[in-house]
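Chemist: Sharing a structure with you now.
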Amino acid sequence: MSLPSWGRLRRHFPAALPLAVLLLVIVAWSLRSAVQWLGRDADPATPGLRSQLRATSLEGLEPVSGPQLRGTFYMGIVLDQDQIVNAQTYADLNKRVDSLTQMFRTIYPDVTVQVQLFHSETLIPQLTARVRSGLGPDLLLASGLIAGDLYALGLSESVLMTAQEQQQFNPGALERLRLPDGRLSGVPLLFHPEVICFNRSKIKTSPATLEELLQASSEGLRVGLSVNPIKIYWTAGALGADQSLVRVMQGETLSPELRQRLLGWLSWLQSASLQQRVTIYADQGQVLDDFLNDRLDWISCSSINIPTLRRKLGPRLGVATMPSGPGGEPTPISRERVMVFGRSSSPDQRRIAKAMASFSINPLIQRSMTIGTFSLLPVNRFVPPPVSSSSTLRALVESQRQSNATEPLLDLLRPGDPRLVALDQTLVQLVFGALSPEEATEALIRDLQPQPSLPSGR
Amino acid sequence: MMHLVQEALGWFGYLERGSVQAQLLLVVLPLLGLHLLRRRWRSRPPLAHLLLPLTLALIGLGIGLLAWAGQPYGLALFLLQLRSAWYGLDLLQLLLARLLPPAPLHQLQSRLIRPAFLVLAAMALINQLDSLADLALISIGTWFGVQLDLGQLFLSLVILYLVVVGSGPPAAALALLFKQVLDIDEGSRRAVQLLFRYLVVALGVVWVCSHLGLNATAILAIAGGLSVGLGFGIKEVFSNFVSGLWLLFEGSVRPGEVLFIDGDPCEVRSLGLRAAVLWRDRDNAELVIPNQTFFTSTTTTYTGSDRMRRSQVSVGAAYRHDPEQVVALLEATARAQTRVLPFPPPKALVLGYGESSINYALRFWIANPMDNVSICSEVNMAVWKAFDAAGIEIPFPQMVVKTIEPASPVSVPPSAPDQ
């Protein structure tokens, strides 16, 4: 018995071809649906069954005393652009993470924690490739500024914390992570404030004002500053220009007084760069390197680098708040670290990630991380840092308080905002004398106007 | 090092994810099926050849379906690319087979292309599962006072391997250039090539020491350790290495030279770090002789100052033929041979008077000492034909036996009968 040929089939049944095509389409569509049902959706707007189950499971964090968990859990850590990365710092970082994971494993001994490092400059393409392969981290420690972007790009899951869990944080810390549907793009973990690091063997105490700083520089103190807008923004507050920048970014027309303050800030930057012992760098990494190698005595730095600097300088390392100026207090930008949930996790790994998040914001662990490194601040508002016993923590807390004034700016900016690039370029041209303060003022007013295509920072 | 092991073990945790399992199955199952079908259809080559491309296409379709359904597919795509690239290497080999002789092609494939592909593929796979840049920062301890990390060690090993394996073709090209520019002979070209290779390897070792940050004190410590080692275990190895270098400079045992070993001419094929490899024409054997043998014993070479060899055949002619006629005939016969050099001219000599014949020697020069036996054979045959045509006898050994008769007794005539 032989099968009928295609020609005979068409002769006896003319609709065979369209029916075959239709059958193929139905089979392909059924396969796609089956694969979608078995897995999960790429598009969060049309969740499949797994996604719905998973979304339900993200209601609240896993209680620490929850059921026993087991398996391998992947934790990603995003390194900042100015973070020194070498064999020594890599070993230190692993040691610090180990201390956290060891504590976690006392509760969940069957959990193995693997650490993946990401670099902030290449985070998006790296994470996209990993998620596309199903190899993304279960929990990512990233900057709070980028958490919303990761969710918008489909690279992370949102989380809805219970009211009781939310009470542990300052409302401001959560609001920046809140999505339009009320969920959160991440869970706050810690703060890395921006401070002054100085060499105690060269100067006993850090200058309290910008005037004293320039005076100390003229007497031999070697000062290093980065022209990076995020790193240099503290001087804008000290010289009263922070409000001018915010207003320009909001699209408002500057009053003569605000314009004058902006001009005053830029003039100070240019005159400071002309000082013999004040060096303004384009790259913060170079500032740290020169400080480590005793070519600088006083720099602005993120508290994340304090362990590295302390290992090299020992007790000679001094940590202080930024100097104030004629415009008032400085406005350092503090970095908030948040925990972002990955999209590649298995159900068990997701539960471990939630358990880890819950564990990390536990007051006991927050305090332990703070006094274990003296380089970060807890986000849990029920954990007061022991400032009376540590001048470093005192400086961090004070700097964190000052950084509250930068929230209006952070609300307007997103990572990769072209206005940040424009600000950076204008400042570089200013400190190298290619632009006068007046020209730089005009350039900033022109370039920092809001751009309609950019979404809001929140 | 423990950290590295932990990292590697951690990669297996991805298998807990359903999406990873699905991608692996999508790639592994069809390849397994391909393996089984190939064994069954081995006798049907056209079909067997089509199986792999069809399987890869099938996996590609599966990946397309995963992508269409919005599921993770990157790992499967990566594995498909790896398998396709391996298949591409087979095609590349076919292409290279048209350009290169089998031996260099095999060396290129087995020592450079395929190992390089495997290393790159392993690195790319690790980069999928982890971060190479971060793994490179894992410390492997302090060596000779220098803190070494995994990246430095790996890079050093790769550079050393590339230098040792990959320096051959550039060295050969440079030596060829030298030959053309300086008009050196083939043996010198090979020596120059080998010296270039040693030079590149030495520079590579120095670079690696510098890259690792080994200071002079550490290098001296290594040298001290080596000297003790040389005194005991590796004396012979070092002796052979130094002998090899010396022989190269001296030029007596360079690749292409012809030496007389145990009564046979042998051509030097290569001069390695430990031993020289010689080819014996008589039985196509390769002799591996330690370098120091040439350094400490007498060596007969046919290619010291030139490659010519003086050969000789011997023949005998009957006593009745005029020696002048025979000598002239022998010289003319040798001159007629194409592989006998016209200059210096062939020379026939009367060696002596033998028992059966007058013995002659025909001496002539040839260009390649390795052809001695075959040319002698040709000359011998030509001599036989020439003697035959000229009616000159090559006598068998002759022995004249003279029988001496004993003296006859006095005969007494028989007595007459009674008459």
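Chemist: I want to confirm something. Restricting to region A:153-167 and keeping residues that are outside any strand (DSSP E or B) and modelled with pLDDT of 90 or more, which single residue is surrounded by the fewest Cβ atoms within 10 Å (Cβ to Cβ)?
Modeler: Filtering first and then ranking leaves A:153.
Chemist: Read through the list (1) surrounded by 15 or more Cβ atoms within 10 Å (Cβ to Cβ); (2) in contact (Cβ under 8 Å) with a residue 12 or more places away in the chain; (3) under 30 Å from residue B:205 (Cα atoms), then give the number of the only condition that residue B:221 fails.
Modeler: Checking residue B:221 against (1) surrounded by 15 or more Cβ atoms within 10 Å (Cβ to Cβ); (2) in contact (Cβ under 8 Å) with a residue 12 or more places away in the chain; (3) under 30 Å from residue B:205 (Cα atoms), the one that fails is (1).
Chemist: Any residue at all in region B:374-386 that's closer than 23 Å to residue B:258 by Cβ and without any contact (Cβ under 8 Å) to a residue 40 or more places away in the chain?
Modeler: Applying the first criterion (closer than 23 Å to residue B:258 by Cβ) to region B:374-386 yields B:374-380.
If we keep only those that are without any contact (Cβ under 8 Å) to a residue 40 or more places away in the chain as well, we get B:374, B:377.
Checked region B:374-386: at least one residue is closer than 23 Å to residue B:258 by Cβ and without any contact (Cβ under 8 Å) to a residue 40 or more places away in the chain.
Chemist: Moving to a separate point now. Within region B:247-255, is even one residue open to solvent by less than 30 Å² (accessible area, probe 1.4 Å), in a helix (DSSP H, G or I) and not charged (D, E, K, R)? It would help to see each step written out before you state the result.
Modeler: First pass over region B:247-255, keeping only residues open to solvent by less than 30 Å² (accessible area, probe 1.4 Å): B:247-248, B:251, B:253, B:255.
Those left that are additionally in a helix (DSSP H, G or I): B:247-248.
If we keep only those that are not charged (D, E, K, R) too, we end up with B:247-248.
Yes, that holds for at least one residue.
Chemist: If you don't mind, another one. For region A:281-315, what are the residues that are outside any helix (DSSP H, G or I), more than 20 Å from the chain's Cα centre (by Cα) and at pLDDT 90 or above?
Modeler: Initial filter on region A:281-315 (outside any helix (DSSP H, G or I)): A:281-283, A:293-302.
Cutting the leftovers down to more than 20 Å from the chain's Cα centre (by Cα) gives us A:281-282, A:293-299.
Hits for region A:281-315 are A:293, A:294, A:295, A:296, A:297, A:298, A:299.
Chemist: Can you find a residue that is open to solvent by less than 70 Å² (accessible area, probe 1.4 Å), at pLDDT below 85 and under 30 Å from residue B:152 (Cα atoms) anywhere in region B:271-279?
Modeler: Quick first cut of region B:271-279, residues open to solvent by less than 70 Å² (accessible area, probe 1.4 Å) only: B:271-272, B:275-279.
When the remaining residues are screened for being at pLDDT below 85, the result is B:271-272.
Cutting the leftovers down to under 30 Å from residue B:152 (Cα atoms) gives us B:272.
Scanning region B:271-279 turns up at least one residue that is open to solvent by less than 70 Å² (accessible area, probe 1.4 Å), at pLDDT below 85 and under 30 Å from residue B:152 (Cα atoms).
Chemist: Tell me which residues, restricted to region A:113-129, are buried (at least 19 other Cβ atoms within 10 Å of the Cβ) and either more than 9 Å from every other protein chain (Cβ to nearest Cβ) or β-branched (Val, Ile, Thr) (or both).
Modeler: Residues satisfying the conditions are A:113, A:115, A:123, A:127.
Chemist: Scan region B:329-362 for residues that are touching a Pro at 6+ places or on another chain (Cβ under 7 Å) and either not aliphatic (A, V, I, L, M) or not in a strand (DSSP E or B) (or both) and report the count.
Modeler: Step one: of region B:329-362, the residues touching a Pro at 6+ places or on another chain (Cβ under 7 Å) are B:331, B:334-335, B:340, B:350, B:355-358, B:362.
Imposing the further condition that a residue be either not aliphatic (A, V, I, L, M) or not in a strand (DSSP E or B) (or both) reduces the set to B:331, B:334-335, B:340, B:355-357.
The number of residues fulfilling the criteria is 7.
Chemist: Among (1) outside any strand (DSSP E or B); (2) open to solvent by less than 10 Å² (accessible area, probe 1.4 Å), which single condition is residue A:348 missing?
Modeler: Looking at each condition in turn, residue A:348 falls short on (2).
Chemist: Could you tell me whether any residue of region A:92-112 is among the β-branched types (Val, Ile, Thr), over 19 Å from residue B:3 (Cα atoms), away from every other protein chain (no Cβ under 12 Å) and open to solvent by 50 Å² or more (accessible area, probe 1.4 Å)? I'd like the intermediate steps shown before the answer.
Modeler: Our first condition is that a residue be among the β-branched types (Val, Ile, Thr); within region A:92-112, this holds for A:97, A:101, A:106-107, A:111-112.
Keeping just the survivors that are over 19 Å from residue B:3 (Cα atoms) gives A:106-107.
Applying the additional criterion that residues be away from every other protein chain (no Cβ under 12 Å) yields A:106-107.
Checking the rest, the ones that are also open to solvent by 50 Å² or more (accessible area, probe 1.4 Å) come to A:106-107.
Yes - at least one qualifying residue is present in region A:92-112.
Chemist: Turning to a different aspect of this structure: Are there helices (runs of 4 or more DSSP H) fully within region B:1-97 with at least 2 residues that are more than 14 Å from chain A (Cβ to nearest Cβ) and free of Cβ contacts under 8 Å to residues at least 12 places away in the same chain? List them.
Modeler: B:18-40, B:45-68, B:74-97
Chemist: What's the total number of residues in region B:115-165 that are part of a helix (DSSP H, G or I), away from chain A (no Cβ under 14 Å) and either of a type in the set (A, V, I, L, M) or open to solvent by 70 Å² or more (accessible area, probe 1.4 Å) (or both)? Break it down stepwise before answering.
Modeler: So in region B:115-165, the residues part of a helix (DSSP H, G or I) come out as B:115-129, B:132-135, B:150-165.
When the remaining residues are screened for being away from chain A (no Cβ under 14 Å), the result is B:115-123, B:156-165.
Subset that is either of a type in the set (A, V, I, L, M) or open to solvent by 70 Å² or more (accessible area, probe 1.4 Å) (or both): B:116, B:118-123, B:157-165.
Total satisfying the criteria: 16.
Chemist: Can you confirm whether residue A:206 is open to solvent by 30 Å² or more (accessible area, probe 1.4 Å) and assigned to a loop (DSSP other than H, G, I, E, B)? Steps first, answer last, please.
Modeler: Working: open to solvent by 30 Å² or more (accessible area, probe 1.4 Å): no; assigned to a loop (DSSP other than H, G, I, E, B): yes.
No, not satisfied.
Chemist: Just a yes or no: is a residue in region B:317-328 part of a loop (DSSP other than H, G, I, E, B) and among the hydroxyl-bearing types (Ser, Thr, Tyr)?
Modeler: yes
Chemist: Let me ask another. Kindly indicate the residue of region A:130-149 that is under 20 Å from residue B:18 (Cβ atoms) and assigned to a helix (DSSP H, G or I) and also most open to solvent (accessible area, probe 1.4 Å) among those meeting that condition.
Modeler: Applying the first criterion (under 20 Å from residue B:18 (Cβ atoms)) to region A:130-149 yields A:130-139.
Next, only the ones that are assigned to a helix (DSSP H, G or I) stay: A:130-133.
Values: A:130: 24, A:131: 22, A:132: 113, A:133: 6 Å².
Per the criteria, the residue is A:132.
Chemist: Right, another one. Please go through region A:393-421 and give me each residue that is open to solvent by less than 20 Å² (accessible area, probe 1.4 Å) and part of a helix (DSSP H, G or I), ordered by number.
Modeler: In the first step, residues of region A:393-421 are kept if they are open to solvent by less than 20 Å² (accessible area, probe 1.4 Å); the result is A:393, A:395-396, A:399, A:402-403, A:406, A:409-410, A:413, A:417, A:419.
Selection gives A:393, A:395, A:396, A:399, A:402, A:403, A:406, A:409, A:410, A:419.
Chemist: If you don't mind, there's one more thing I want to ask. Looking at (1) away from every other protein chain (no Cβ under 14 Å); (2) open to solvent by less than 30 Å² (accessible area, probe 1.4 Å); (3) in a loop (DSSP other than H, G, I, E, B), which is the only condition residue A:81 fails?
Modeler: The single condition residue A:81 does not satisfy is (2).
The values are calculated or read from the model by the stated rules, or taken from the named source; none is laboratory data. In this text the structure is predicted, and so the values were computed from the model without any measurement. Cβ: placed from backbone, ideal geometry, glycine included. Neighbour counts: every protein chain shown. These accessible areas exclude ligands, DNA and RNA; they are computed on the full protein's heavy atoms, side chains included. Shrake-Rupley method; radii C 1.70, N 1.55, O 1.52, S 1.80 Å.
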